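Please treat every number below as a calculation from the coordinates, not as lab data. Because the structure is predicted, anything quoted here is derived from the model rather than measured. Glycine also receives a Cβ, built like all others from the backbone with ideal geometry; neighbour counts cover every protein chain displayed.
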Amino acid sequence: MTKKFVAYIDEVGRGALAGPVMACAVCITSPNAELQTYGERDSKQLSPKKREEIYTKVFRHPNIVWAIGSASSQVIDQKNIHQATRLAMKLAVRSLEKKLSKKGKQIHSLVIDGTSLLDSTLPQKAVPKADALFPACAIASIIAKVTRDRLMIRYHKTMPSYLFSKHKGYGTKEHVLAIAQHGICNIHRVSFHVPS
């Protein structure tokens, strides 16, 4: 008989001026995964070092299955940030379904951090601050944050003038000053109010 599990979903990057919005979907396939040692709270409340430590543990954990979905700045500009976020979450769920199917498992239902439901036939509920209520949702937040931060650091290597490795695309003073000096680049969200 196929085993079914709840998938917990969270996103990062909604408020950034540059880079993608990224989502992660997580399933815990064992009730004895001791999640407290992995995800205790929202990724924003953890230091980068702590997030990386948890990411490494989760990556090696045999009973935590996860997948990433993302929507680029171009998709955000085309669809708006709300729809792009929902798309990133849907892609994460789709990718997680494929991973689980290879293990003879499937998703039973979804718990989404926030207030919006997805375009999905799966039973689902949106829970504000779910990353503070469900350790698996906190794990999703951490994985998405680490994955996105690593991507922004790679962008920094090709576009160092914008200091993406420092602010990860968010609207800090340094980022706004860099935009004023160099203009926008191809990963900026032109539909956002990007200072010039």
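Helical runs (DSSP H, four residues minimum) scored at -39500 (n - 2.57) apiece and divided by the length of the chain put the mean residue ellipticity at 222 nm at -13000 deg cm²/dmol.
Over the C-alpha trace of region 3-153, radius of gyration and Dmax come out as 14.2, 43 angstrom. When only the Cβ of Lys, Arg, Asp and Glu is charged (+1, +1, -1, -1), the dipole of the chain relative to its Cα centre reaches about 440 debye. Binned at 5 Å from 0, what are the whole-percent values of the Cα-Cα distance distribution for region 131-194, short to long? Taking all Cα pairs of region 131-194, the binned fractions are 4, 17, 24, 19, 14, 10, 8, 3, 1 percent. Applying 1/(1 + (r/R0)^6) with r as the Cβ-Cβ distance of residue 78 and residue 161 and R0 = 35 angstrom yields a FRET efficiency of 0.85. Ranked by how many other Cβ atoms sit within 10 Å of their own Cβ, fewest first, the residues 52, 174 fall in the order 174, 52. Under the membrane-span-like helix rule (DSSP H runs whose alpha carbons stretch at least 24 Å along the helix axis, mean Kyte-Doolittle hydropathy -1.0 or higher), the chain yields 81-101, 135-158. Taking packing as the residue-averaged number of other Cβ atoms within 10 angstrom, the listed peptides 81-94, 7-20 run from highest to lowest as 7-20, 81-94. Straight-line reach from residue 57: taking Cα to Cα under 16 Å and skipping same-chain neighbours fewer than 8 places apart, the lysines in range are 49, 145.
Count the DSSP beta bridges whose two residues both fall in region 3-153, then state the antiparallel fraction as a percent rounded to the nearest 5. If we restrict to bridges inside region 3-153, about 55 percent are antiparallel. Highest mobility in the GNM of the chain, judged by mean-square fluctuation with C-alpha springs under 10 Å and restricted to 113, 149, 77, is found for 77.
Taking all Cα pairs closer than 8 Å and separated by 6 or more residues, the relative contact order of the chain comes to 32 percent. Counting only residues at least eight positions apart within a chain, or on another chain, the lysines with an alpha carbon under 17 Å from that of residue 157 are 166, 168.
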